[in-house]
Amino acid sequence: MNLVIVYDSVFGNTKELAQTMGAAAASHSTVVVKHRGEVTSQDISQADMVVVASPTRAFNPTPELKEFLKDMAPGSLTGKRVAAWDTRVDVAKVNSKLLSGMVSLFGYAAPKLLTILKKKGGTAAAEAEGFFVEDKEGPVMPGEAQRAEAWISTLVKSSGERS
């Protein structure tokens, strides 16, 4: 299986986890991990699965990643399995009712990314996922890299069984 992991990163946390996932998935598939500005249409067309990641910025994916996805041709993900994840602050640890309320209303980046991927023709391989950072600039919280490895490994193995 050919897997492409497309990411955007502001402080390096999403990039770090994307590279961690790429390394974990390499034993089960051919993996390309690229920043959204480096991805080619050939990368996407050759992929069996496309995983997209963004930090959550103001309850959304980065504007640049949204633009990248908007520019993809309609139907460009038809026949491909897709998944999305984001990096986010754990609101349960922030102790802010205002922030918790806003997250309840506006959500995180990953579900919005997954919606876009499905509109481009992709079939969801998993629910949108989030990985925690300690603060808006990071670092990645302890244990999240291992959770990311497990998540992508499960995703790739289960998709391989369906191919």
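What about VAL6, is it under 20 Å from PHE132 (Cβ atoms), among the β-branched types (Val, Ile, Thr), surrounded by 18 or more Cβ atoms within 10 Å (Cβ to Cβ) and touching a residue at least 40 places away in the same chain (Cβ under 8 Å)?
Against the criterion (under 20 Å from PHE132 (Cβ atoms), among the β-branched types (Val, Ile, Thr), surrounded by 18 or more Cβ atoms within 10 Å (Cβ to Cβ) and touching a residue at least 40 places away in the same chain (Cβ under 8 Å)), VAL6 does not qualify.
Go through the range 74-114 and count every residue that is of a type in the set (Gly, Ala, Ser) and either touching a strand residue (DSSP E or B) at 6+ places or on another chain (Cβ under 9 Å) or in contact (Cβ under 8 Å) with a residue 24 or more places away in the chain (or both).
From the range 74-114, those of a type in the set (Gly, Ala, Ser) are 75-76, 79, 83-84, 92, 96, 100-101, 104, 107, 109-110; that's our starting set.
From what is left, the residues that are either touching a strand residue (DSSP E or B) at 6+ places or on another chain (Cβ under 9 Å) or in contact (Cβ under 8 Å) with a residue 24 or more places away in the chain (or both) are 75-76, 79, 83-84, 107, 109-110.
Total meeting the criteria: 8.
With the requirement that a residue be within 28 Å of MET141 (Cα to Cα) and out of contact with any strand residue (DSSP E or B) (no Cβ under 6 Å at 6 or more places or on another chain), what does the range 38-67 give you?
Here is the first cut: in the range 38-67, the residues within 28 Å of MET141 (Cα to Cα) are 38-39, 49-66.
Passing the criteria: GLU38, ARG57, ALA58, PHE59, ASN60, PRO63, GLU64, LYS66.
Scan the range 74-109 residue by residue and report those that are more than 14 Å from VAL50 (Cα to Cα) and hydrophobic (A, V, I, L, M, F, W, C).
Let us first name the residues in the range 74-109 that are more than 14 Å from VAL50 (Cα to Cα), namely 74, 86-109.
Those that are more than 14 Å from VAL50 (Cα to Cα) and hydrophobic (A, V, I, L, M, F, W, C): VAL89, VAL91, ALA92, VAL94, LEU98, LEU99, MET102, VAL103, LEU105, PHE106, ALA109.
Where residues in the range 154-163 are under 17 Å from ALA84 (Cβ atoms) and at pLDDT 90 or above, which of them is surrounded by the most Cβ atoms within 10 Å (Cβ to Cβ)? Break it down stepwise before answering.
Of the range 154-163, the ones under 17 Å from ALA84 (Cβ atoms) are 154-156, 158-159.
Filter once more, so that each one left must be at pLDDT 90 or above: 154-156.
Numbers: THR154: 12, LEU155: 22, VAL156: 26.
Out of the qualifying residues, it is VAL156.
Report every pair of residues separated by at least 6 positions or lying on different chains whose Cβ atoms are under 6 Å apart, first residue within the range 35-56 and without any contact (Cβ under 8 Å) to a residue 40 or more places away in the chain, second in a strand (DSSP E or B).
Short answer, once both residue conditions are applied: ARG36/VAL6; VAL39/VAL6; ASP43/VAL4; ASP43/VAL32.
Considering only strands (runs of 3 or more DSSP E) fully contained in the range 1-92, which possess at least 1 residues that are touching a Leu at 6+ places or on another chain (Cβ under 6 Å) and closer than 24 Å to LEU105 by Cα? Break it down stepwise before answering.
Numbers: elements: 2-7, 30-35, 49-55, 81-89.
In the range 1-92, 49-55, 81-89 are the strands (runs of 3 or more DSSP E) which contain 1 or more residues that are touching a Leu at 6+ places or on another chain (Cβ under 6 Å) and closer than 24 Å to LEU105 by Cα.
The values are calculated or read from the model by the stated rules, or taken from the named source; none is laboratory data. These numbers were taken from a predicted model, which means no experiment stands behind them. Glycine gets a Cβ as well: all are built from the backbone with ideal geometry, and neighbour counts include every protein chain shown.
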